[in-house]
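For reference, the structure is listed below as structure tokens.
The values are calculated or read from the model by the stated rules, or taken from the named source; none is laboratory data. All figures in this text were calculated on a predicted structure; none of them were measured in a lab. Every residue, glycine as well, gets a Cβ built from its backbone with ideal geometry; the counts of neighbours run over all protein chains shown. Heads up: the accessible areas ignore ligands, DNA and RNA and are worked out on the full protein's heavy atoms, side chains in. Shrake-Rupley method; radii C 1.70, N 1.55, O 1.52, S 1.80 Å.
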Amino acid sequence: MRRALALAALGSKKVKDNPKVGAVLVFDNRIIGEGYHIQHGEAHAEVNCLNSVNKKNKHLISDATLYVTLEPCFHEGKTPPCVDLIIKNKIKTIVLGATDPNPKVAGKSIQKLRHLGVHVIEGILEKECKELIQPFIKMMMDRSPWVQLKFAKSKFNYLASKNAQVWLSSEQSKLYTHRLRSDVDGIMIGTQTALIDDPALTTRLVEGENPVRIILDRQGKLPKHLKVFTDGLPTIYVTTKERSFPHAINVVLHDFEIEDSLKALLNKLYQNGIYRLMVEGGASLLQSFQKKELWDEAVVIHTANELNEGKKAPNLIGRLIQKIDIDADLVCILRK
């Protein structure tokens with residue numbers, strides 16, 4: 001199951017609003033097949049696992065044990081139900097990490113398999129398997145993106161000067177954050193960050209697909225010469241009034257004054273294919289997500305920088321799930 005989890009984690013943002021799932025087929029304590037869900041609309045983990053079995057081992061499939069991090073799908077979607085594939089291959093034993101929270105599945109595959117005499121073992125590394133699919137659960141229940149806050153802060157808990165750009169973290173941490181960007185669909189900043197930093201918000205330092213930039217500009221005052229408006233890469237510009245931009249800029253009109261404005265915006269972004277969202281700042285935007293409790297995960301980079309004035313970093317209360325040492329920086333990943 002740990003191998004299945006490792007495979008599942010290889011799934012990228014290409015799974016979109018599907019869960020990351022891994023599968024391993026074992027015969028006589030030997031792995032004869034493995035796979036994971038690679039891309040939305042294409043083969044699921046179980047299919048890729050069974051397809052990976054070498055020709056000389058195909059005859060072993062029915063007597064092998066299938067380990068899957070998540071209950072196989074029961075319903076017909078863009079691909080046929082995986083539970084039927086398991087039955088077709090006459091697999092006698094299946095070991096599951098977590099039950100699928102999707103109401104269309106929710107134990108139905110387990111029930112069907114047991115009814116047909118398949119030995120189903122549940123709850124193996126269940127905590128880890130459920131942790132892996134938290135973004136999927138959030139998206140399915142709320143029709144809203146998984147929100148990851150990301151910021152670096154000084155030893156005195158400041159993240160920026162008032163009117164000047166300040167770089168707090170190390171070059172290695174910068175590489176790390178670019179890798180994080182490659183695994184999200186969208187990256188959001190506020191008006192002041194766009195004005196002061198004029199960031200590109202790309203994955204230029206690593207291999208990986210650029211996220212869609214989401215720029216909030218309540219008053220519609222940002223100049224058109226900024227990188228995010230001129231480099232030809234996809235950008236969602238959220239404002240209150242119509243403005244004309246090149247074709248790469250998607251202007252989304254939004255009322256910032258309505259109740260639960262930020263939550264309403266997240267729902268709009270979800271409808272625009274933003275399933276995993278990173279919020280990079282600035283301070284006011286991060287504080288808004290904190291205050292409204294609209295964040296799911298936070299990547300906080302603790303640095304040795306001695307900045308002792310300017311804009312305070314938000315103090316988040318969450319569950320620490322990982323610590324990473326990067327040069328002199330300490331990266332702490334929290335879940336709400």
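Can you report the number of residues in the stretch 59-92 which are farther than 11 Å from LEU25 by Cα, open to solvent by 60 Å² or more (accessible area, probe 1.4 Å) and part of a helix (DSSP H, G or I)?
Step one: of the stretch 59-92, the residues farther than 11 Å from LEU25 by Cα are 59, 69-90, 92.
From the residues that got through so far, the ones that are open to solvent by 60 Å² or more (accessible area, probe 1.4 Å) too are 59, 74, 76, 78, 80, 84, 88, 90, 92.
Those still in the list that are part of a helix (DSSP H, G or I) too: 59, 84, 88.
The qualifying residues number 3.
Being within 22 Å of the chain's Cα centre (by Cα), open to solvent by 40 Å² or more (accessible area, probe 1.4 Å) and of a type in the set (Lys, Arg) narrows it down to one residue among LYS263, LYS224, LYS241; which is it?
LYS263
Is it the case, given these coordinates, that GLN134 is open to solvent by 40 Å² or more (accessible area, probe 1.4 Å), touching a residue at least 40 places away in the same chain (Cβ under 8 Å) and not small (Gly, Ala, Ser)?
Answer is yes for this residue.
Of all residues in the stretch 190-211 being aliphatic (A, V, I, L, M) and not in a loop (DSSP other than H, G, I, E, B), which is least open to solvent (accessible area, probe 1.4 Å)?
Selected residue: ALA194.
Does VAL47 satisfy the criteria of being at pLDDT 95 or above, among the β-branched types (Val, Ile, Thr) and either over 17 Å from LEU85 (Cβ atoms) or surrounded by fewer than 23 Cβ atoms within 10 Å (Cβ to Cβ) (or both)?
For VAL47, the condition - at pLDDT 95 or above, among the β-branched types (Val, Ile, Thr) and either over 17 Å from LEU85 (Cβ atoms) or surrounded by fewer than 23 Cβ atoms within 10 Å (Cβ to Cβ) (or both) - is not met.
May I ask you to say which residue of ILE274, ILE214 is surrounded by 21 or more Cβ atoms within 10 Å (Cβ to Cβ) and in a loop (DSSP other than H, G, I, E, B)? Outline the logic, then answer.
Values: ILE214 fails: in a loop (DSSP other than H, G, I, E, B).
Of ILE274, ILE214, the one residue that is surrounded by 21 or more Cβ atoms within 10 Å (Cβ to Cβ) and in a loop (DSSP other than H, G, I, E, B) is ILE274.
Could you say which residue among TRP167, TRP146 is closer than 19 Å to THR203 by Cβ and touching a Lys or Arg at 6+ places or on another chain (Cβ under 6 Å)? Steps first, answer last, please.
Numbers: TRP167 fails: touching a Lys or Arg at 6+ places or on another chain (Cβ under 6 Å).
Just a single option satisfies the conditions, and that option is TRP146.
Scan the stretch 281-331 residue by residue and report those that are charged (D, E, K, R) and open to solvent by 40 Å² or more (accessible area, probe 1.4 Å). Outline the logic, then answer.
So in the stretch 281-331, the residues charged (D, E, K, R) come out as 291-293, 296-297, 306, 309, 311-312, 319, 323, 325, 327, 329.
Passing the criteria: LYS291, LYS292, GLU293, GLU306, GLU309, LYS311, LYS312, ARG319, LYS323, ASP325, ASP327.
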